[in-house]
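Data first, discussion second: the structure below is written as structure tokens.
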Amino acid sequence: MPDRQPPWREQREFRRDIAALDEVFAYVRPLLQTSAIGEADAYAVLMAIEELFTNMVKYNPAGSGQLGLEVECSPVQVTCRLTDPDSDRFDMTSAPDADIHQPVEQRRPGGLGIHLVRRMVDSLDYDYRGRCSRVSFSRILGSSATGENRALFDTQAGQLDEPALICHPHATKRETSMFEIGYGSDGVIAVSGRFDAAQCDKAQRFLDTADAPATFDFAALEYISSAGLGVLLKVHKRLLASGGRLRLVNVNKNIYDIFRFSGFDQVFDVARAG
């Protein structure tokens, strides 16, 4: 796909299924790559989309219609809107932050998604009208998502012309950066690709049969979301019961930030890459 300069705006619908995340990533990632969106910004956008999409599926699995995703890119920010056309009112953006200082024994898988999204984006909003729920977020390009660029965002965003909307009614591609987990050298667990909510069952099946997996090599892992953190927490608790501790090595910067935002950098033994 050739390079594409912003502004642009595209929209697609996806089936109401966690397994559709492969299609979501296969749709969004090339859009960001062709616009030369930086790695940290792309990670933040993809993770926010996954966490919000997963929440919509989890809390309204019986809703009718597909879930809509609109992605808009300007020279200063990426804005995404996720829409559930048939839902009761459920404002996931009002969920309280997770207590990341709880003792590890009290921490539970889940509940981290919105907490992490708030730290990865610069705005997060919910709208509900006529049984239609819409969650929108914006990430300022080059931002650390701490809010220091809020004034710049509000000023420049208001000066941009709204791009024409391009609709794609069907998503047929699948993400190529797939998840793999298995034994590497020296008995460590090698993890690669994208560890998202759609891959948790695969990871858990392997880990349930693995013999005390204490060290995970993340050298080839590109991405992890809150769902993947939940799997790691279960492994860590299993090791604690026998006097061990989970060790993660070759952790890249973007993934390390997820551990830091969630407080898991203080729970696991984390060694950064390089």
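The values are calculated or read from the model by the stated rules, or taken from the named source; none is laboratory data. This is a predicted model, so every value here is computed, not measured. Methodologically, a virtual Cβ is constructed for each residue, glycine included, from the backbone with ideal geometry; neighbour enumeration extends over all protein chains shown.
The table for this structure:
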| read-out | value |
| --- | --- |
| Answer residue from the stretch 166-205, given it is farther than 21 Å from residue 46 by Cα and outside any helix (DSSP H, G or I) and is modelled with the lowest pLDDT among those | 184 |
| Matching residues in the stretch 216-261 - criterion: being at negative phi, out of contact with any helix residue (DSSP H, G or I) (no Cβ under 6 Å at 6 or more places or on another chain) and of a type in the set (S, T, N, Q) | 242, 252 |
| Tally of residues being closer than 18 Å to residue 193 by Cβ and surrounded by fewer than 20 Cβ atoms within 10 Å (Cβ to Cβ) across the stretch 232-253 | 4 |
| Failed condition for residue 47, given (1) surrounded by fewer than 21 Cβ atoms within 10 Å (Cβ to Cβ); (2) modelled with pLDDT of 95 or more; (3) under 14 Å from residue 124 (Cα atoms) | (1) |
| Selection from the stretch 89-119 of residues that are farther than 20 Å from residue 258 by Cα and either of a type in the set (Lys, Arg) or in contact with a Gly (Cβ under 9 Å, 6 or more places away or on another chain) (or both) | 89 |
| Qualifying residues in the stretch 1-44 (those that are over 16 Å from residue 141 (Cβ atoms) and out of contact with any helix residue (DSSP H, G or I) (no Cβ under 9 Å at 6 or more places or on another chain)) - the one surrounded by the fewest Cβ atoms within 10 Å (Cβ to Cβ) | 30 |
| All positions within the stretch 50-69 that are within 16 Å of the chain's Cα centre (by Cα) and either surrounded by fewer than 19 Cβ atoms within 10 Å (Cβ to Cβ) or not hydroxyl-bearing (Ser, Thr, Tyr) (or both) | 50, 51, 52, 53, 55, 56, 57, 58, 69 |
| So residue 239, is it modelled with pLDDT under 95, closer than 17 Å to residue 258 by Cα and not assigned by TED's automatic domain parsing to the domain that holds residue 25 | no |
| Selection count, the stretch 239-270, where residues are out of contact with any Lys or Arg (no Cβ under 8 Å at 6 or more places or on another chain), over 20 Å from residue 118 (Cβ atoms) and assigned to a helix (DSSP H, G or I) | 1 |
